[in-house]
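Structure first, then comments.
The values are calculated or read from the model by the stated rules, or taken from the named source; none is laboratory data. None of the values given here were measured: they were computed from a predicted structure. Neighbour counts are summed over all protein chains in view; Cβ atoms, including those assigned to glycine, are modelled from backbone coordinates with ideal geometry.
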Amino acid sequence: MTQDTARTMLTRQFDQVGIGFQLRGDEEITAFSHGGSNAGFRAQFFAHTAHGDGVAIMTNGANGSALIREIMIQIADYYDWEDGAQPIVKHVADLSVSELERFTGRFQLAGDDPLLVTIDRVDETLVLNALPYLTHVILRPEGDDVFFAMNGMNVEFGRDATNNVTQIEFYGEMGLRLDDAAAD
């Protein structure tokens, strides 16, 4: 790869996106990164342009994003990266088992490649599966209709006029709840 090609790849094409990389920095590009995922693995690459240090992390698990985030937080702390990953503090709301049960079901995400998302209650938590991409993601309540996972994912539920949970939103995608007739 030539230096000109590398410079072009680290030039904003729009917003904070270069060619193949997410970019950081307002005026000058200070860092760049790229993540990857397929069924069964997650990866993340991050590098600084000024001091040249960085990290590449690869996991062999569909839920590797949580591990990657923890590793990135520790590396940023150890090397004193001001723009590195920071811990996110969340507080778990107190929802009863019957309140949690209202969020269980099957949801169909809209889009060109519709994805089936299932939410099950296991003891006092919710578990999200969106196979083959996400498996056994534990959701904790942050508020009445907002949940979070340790991998940084947020899930928000929507209700109808009668207060029944009818939709789900996560990673910017909206999905509608499937009723028993549609599920069969």
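Things worth noting here:
- Residues being outside any loop (DSSP other than H, G, I, E, B) and either without any contact (Cβ under 8 Å) to a residue 24 or more places away in the chain or out of contact with any Lys or Arg (no Cβ under 6 Å at 6 or more places or on another chain) (or both) - total across the range 148-184: 19
- Restricting the range 10-44 to residues that are aromatic (Phe, Trp, Tyr) and farther than 20 Å from TYR133 by Cβ, the residue that is modelled with the lowest pLDDT: PHE14
- Options ILE88, ILE73, ILE68; residue that is in contact with a Lys or Arg (Cβ under 8 Å, 6 or more places away or on another chain), under 30 Å from THR49 (Cβ atoms) and among the aliphatic types (A, V, I, L, M): ILE68
- Sole residue being assigned to a helix (DSSP H, G or I), surrounded by 18 or more Cβ atoms within 10 Å (Cβ to Cβ) and within 20 Å of the chain's Cα centre (by Cα), chosen from ILE68, ILE119, ILE73: ILE68
- Within the range 73-107, tally of residues that are touching a residue at least 60 places away in the same chain (Cβ under 8 Å) and in contact with a helix residue (DSSP H, G or I) (Cβ under 8 Å, 6 or more places away or on another chain): 1
- Inter-residue pairs, beta-carbon under 9 Å, first more than 16 Å from SER96 (Cβ to Cβ) and in the range 121-145, second among the small types (Gly, Ala, Ser) and in a strand (DSSP E or B), 6+ apart: TYR133/SER37; VAL137/ALA130
- The set of residues from the range 38-65 being over 24 Å from ASP80 (Cβ atoms), in contact with a Ser or Thr (Cβ under 7 Å, 6 or more places away or on another chain) and not in a strand (DSSP E or B) comprises ALA62, ASN63.
- Within the range 91-116, tally of residues that are surrounded by 13 or more Cβ atoms within 10 Å (Cβ to Cβ), part of a loop (DSSP other than H, G, I, E, B) and out of contact with any Gly (no Cβ under 9 Å at 6 or more places or on another chain): 4
- A single entry from VAL137, VAL155, VAL146 fulfils the requirement of being of a type in the set (A, V, I, L, M) and more than 23 Å from GLY61 (Cβ to Cβ): VAL146.
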